[in-house]
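**Student:** Sharing a structure below in structure tokens format, with a few things to ask.
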Amino acid sequence: MGFTFSLFLFLASFPVILAQEGTRATISIDGTIAVAVIDDNFICATLDWWPHDKCNYNQCPWGYSSVTNLDLSHPLLAKAIQAFRNLRIRIGGSLQDQVLYDVESLKAPCHPFRKMKGGLFGFSKGCLHMNRWDELNHLFSRTGAIVTFGLNALYGRHQIRKGVWGGAWDSSNACDFMNYTVLKGYKIDSWEYGNELSGSGVSASVSAELYGKDLIKLKSVVNNLYKNSDLKPSLVAPGGFFDKQWYAKLLQVTGSGIVNFVTHHVYNLGAGMDPNLVNKILDPHYLSKVSETFSNLSQTIQQNGPWASPWVGESGGAYNSGGRHVSDTFVNSFWYLDQLGMASRYNTKVYCRQTLVGGNYGLLNTTTLVPNPDYYSALLWHRLMGKGVLAVGSNASPFLRSYAHCSKGRAGITLLLINLSNQTDFIISVQNSMDMRLTVEENISGENSFMRGLKRSVSWVGNRASDEPMYREEYHLTAKDGYLQSPTMVLNGIPLELTEDENIPNLDPVRLDLNSPLYINPLSISFIVFPNFDAPACA
């Protein structure tokens with residue numbers, strides 16, 4: 001009864017589809033080989049250091065969401081993290097290189113951040129108390145979070161000219177903090193060094209040569225501190241904006257085995273106050289521009305440090321806290337999911353969203369911690385999209401974006417379709433390119449045209465001899481009441497809202513016969529799971 005009712009709701013919510021002919025498009029998926037591989041815990045979200053009085057554009061959207069003042073006992077926070085089973089959390093941000101740790105080597109008082117003229121980003125240095133670090137680790141432990149911590153890379157340094165910092169890094173405070181963490185038994189998956197100090201930097205920069213020498217030193221510290229541990233944290237760096245020459249030099253200076261993951265930041269939508277944010281998000285040509293950055297970084301790593309892999313260490317779409325009534329609404333998922341798909345194709349192992357909570361771009365509402373639309377987009381990706389990234393071909397217009405992965409934890413593949421068009425309904429035919437090639441080969445043996453046509457028409461099933469029921473699962477995401485900047489996302493016609501018990505709702509698909517037409521509405525996003533798709537790369 002439950003399935004019939006949800007199917008009725010789903011069909012009732014798509015009257016336009018049933019009433020008119022759509023534009024036909026063919027998606028071809030190659031399941032023979034993975035073109036890239038992501039991490040099992042690809043989805044990541046950040047916790048930042050910004051205090052409540054961090055403001056942009058006459059608004060102060062951070063509230064009490066900082067590493068130092070977020071309400072860690074709020075039940076929705078734990079539930080939101082636990083829904084992922086293992087959510088990767090990166091602690092870092094603009095003020096990271098001004099954070100002191102309240103351990104033995106700290107000779108100064110442990111004060112919070114405060115506004116200060118002439119300070120980096122307009123703030124003084126701040127401090128992390130160890131009792132707060134204990135509380136954070138208690139949250140991480142009970143929710144199964146996987147933690148990356150960004151260390152202060154400017155401690156002991158001084159400004160040698162405007163924006164450029166030199167001198168030796170004083171590692172004492174960081175080392176004592178890391179030692180405290182080890183002695184307490186807190187699990188850190190990776191230590192990151194510095195934030196946005198690469199190239200010309202953001203407010204501050206450090207040369208690649210100095211940075212590289214510091215990383216060699218830090219790797220030695222990590223090896224020593226964890227010499228008796230079965231699990232040794234990875235070292236990730238530099239957590240900045242990609243600068244080809246700087247990144248290449250860093251990898252050359254550090255050499256093999258020092259940096260495990262090369263992190264870069266992506267804010268390709270520009271400033272949060274830009275009135276054209278929505279137009280940018282819905283423009284396929286604009287979205288594709290950033291692929292050049294992914295491609296260049298991938299090539300730089302291959303040429304200078306093939307032992308390392310790329311991460312997106314921070315990405316909020318629009319910088320300066322995100323776009324108000326854009327970054328926290330349905331329309332942002334067009335950008336976000338497209339980014340996840342694009343980054344995956346370039347072998348990006350992890351993608352950290354700015355933020356879990358805080359600013360306008362939080363996955364959770366800054367005040368209530370109720371999930372924003374992108375939270376559900378992230379959760380669906382995490383549950384459906386597996387490690388193997390597959391090649392996809394399409395004859396559709398650029399407004400239909402398509403990405404395919406091996407399904408997570410099960411057989412078959414999952415296809416992500418993003419329809420940026422405001423008027424085109426697509427009727428999708430999905431084909432298995434492996435079976436299409438087989439059909440061509442078999443044709444040589446003199447098969448009649450009827451059989452060839454039949455094989456071609458069902459080739460996308462990919463499992464010709466199976467007696468299993470042939471169905472697919474569909475997750476169609478739309479904006480509530482068709483309003484793109486709605487704070488509520490709709491899944492298969494049902495608004496995604498917390499349950500009566502204040503729990504994260506189930507994200508249930510509709511199951512449809514495999515041979516029924518596959519429709520994608522204008523300005524909608526769909527995950528389509530094909531359990532029977534024959535993909536050797538996913539075996």
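The values are calculated or read from the model by the stated rules, or taken from the named source; none is laboratory data. All values reported here derive from a predicted model rather than from experimental measurement. Using ideal geometry, Cβ is built from the backbone for each residue, glycine included, and neighbour counts are taken over all protein chains shown. Keep in mind that these areas ignore ligands, DNA and RNA; they rest on the heavy atoms of the full protein, side chains included. Shrake-Rupley method; radii C 1.70, N 1.55, O 1.52, S 1.80 Å.
**Student:** Quickly run through segment 351-409 and pick out the residues that are under 21 Å from A479 (Cβ atoms), of a type in the set (S, T, N, Q) and part of a strand (DSSP E or B).
**Tutor:** S402, the sole residue that qualifies.
**Student:** Separate question: Just checking, how many residues over segment 47-68 are assigned to a loop (DSSP other than H, G, I, E, B) and either acidic (D, E) or touching a residue at least 40 places away in the same chain (Cβ under 8 Å) (or both)?
**Tutor:** Let us first name the residues in segment 47-68 that are assigned to a loop (DSSP other than H, G, I, E, B), namely 48-55, 57-58, 60-68.
Filter again for either acidic (D, E) or touching a residue at least 40 places away in the same chain (Cβ under 8 Å) (or both), leaving 48-51, 53-54, 57, 61-63, 65-68.
Summing the residues that are assigned to a loop (DSSP other than H, G, I, E, B) and either acidic (D, E) or touching a residue at least 40 places away in the same chain (Cβ under 8 Å) (or both) in segment 47-68 gives 14.
**Student:** Tell me the residue from S344, S327, S321 that is in a helix (DSSP H, G or I) and of a type in the set (G, A, S), please.
**Tutor:** Working: S327 fails: in a helix (DSSP H, G or I); S321 fails: in a helix (DSSP H, G or I).
None of the other options fit; the residue is S344.
**Student:** Any chance you could count how many residues in segment 222-233 are touching a strand residue (DSSP E or B) at 6+ places or on another chain (Cβ under 9 Å) and outside any loop (DSSP other than H, G, I, E, B)?
**Tutor:** Number of matching residues: 1.
**Student:** Which condition from (1) in contact with a Cys (Cβ under 8 Å, 6 or more places away or on another chain); (2) modelled with pLDDT under 95 is the one that E442 breaks?
**Tutor:** The number of the failed condition is (1).
**Student:** In the set R345, R353, which member is within 23 Å of N260 (Cβ to Cβ), of a type outside the set (V, I, T), open to solvent by less than 20 Å² (accessible area, probe 1.4 Å) and at pLDDT 95 or above?
**Tutor:** It is R353.
**Student:** Only one of (1) of a type outside the set (S, T, Y); (2) out of contact with any helix residue (DSSP H, G or I) (no Cβ under 6 Å at 6 or more places or on another chain); (3) open to solvent by less than 60 Å² (accessible area, probe 1.4 Å); (4) closer than 19 Å to G199 by Cα fails for F241. Which number is that?
**Tutor:** Failing condition for F241: (3).
**Student:** Looking at segment 76-94, is at least one residue more than 30 Å from P522 (Cβ to Cβ) and over 23 Å from the mean Cα position of the chain (by Cα)?
**Tutor:** no
**Student:** Right, another one. Looking at segment 92-107, which of the residues that are surrounded by fewer than 22 Cβ atoms within 10 Å (Cβ to Cβ) and hydrophobic (A, V, I, L, M, F, W, C) is nearest to E497 (Cα to Cα)?
**Tutor:** L100
A quick yes/no check of all residues on (1) charged (D, E, K, R); (2) farther than 25 Å from I81 by Cα; (3) free of Cβ contacts under 8 Å to residues at least 60 places away in the same chain:
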site	(1), (2), (3)
I146	no, no, no
V182	no, no, yes
S205	no, yes, yes
I216	no, yes, yes
V222	no, yes, yes
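**Student:** In addition: One residue is enough: does segment 114-124 have a residue meeting the conditions in contact (Cβ under 8 Å) with a residue 60 or more places away in the chain, out of contact with any Lys or Arg (no Cβ under 8 Å at 6 or more places or on another chain) and not in a helix (DSSP H, G or I)?
**Tutor:** There is at least one residue in segment 114-124 that is in contact (Cβ under 8 Å) with a residue 60 or more places away in the chain, out of contact with any Lys or Arg (no Cβ under 8 Å at 6 or more places or on another chain) and not in a helix (DSSP H, G or I).
**Student:** Only one residue in G163, G150 is surrounded by 14 or more Cβ atoms within 10 Å (Cβ to Cβ), of a type in the set (G, A, S) and in contact with a Gly (Cβ under 7 Å, 6 or more places away or on another chain), so which one is that?
**Tutor:** After ruling out the rest, the residue left standing is G150.
**Student:** Separate question: Of the residues V202, V236, V253, V259, which is assigned to a helix (DSSP H, G or I) and β-branched (V, I, T)?
**Tutor:** None of the others qualify; the one that does is V253.
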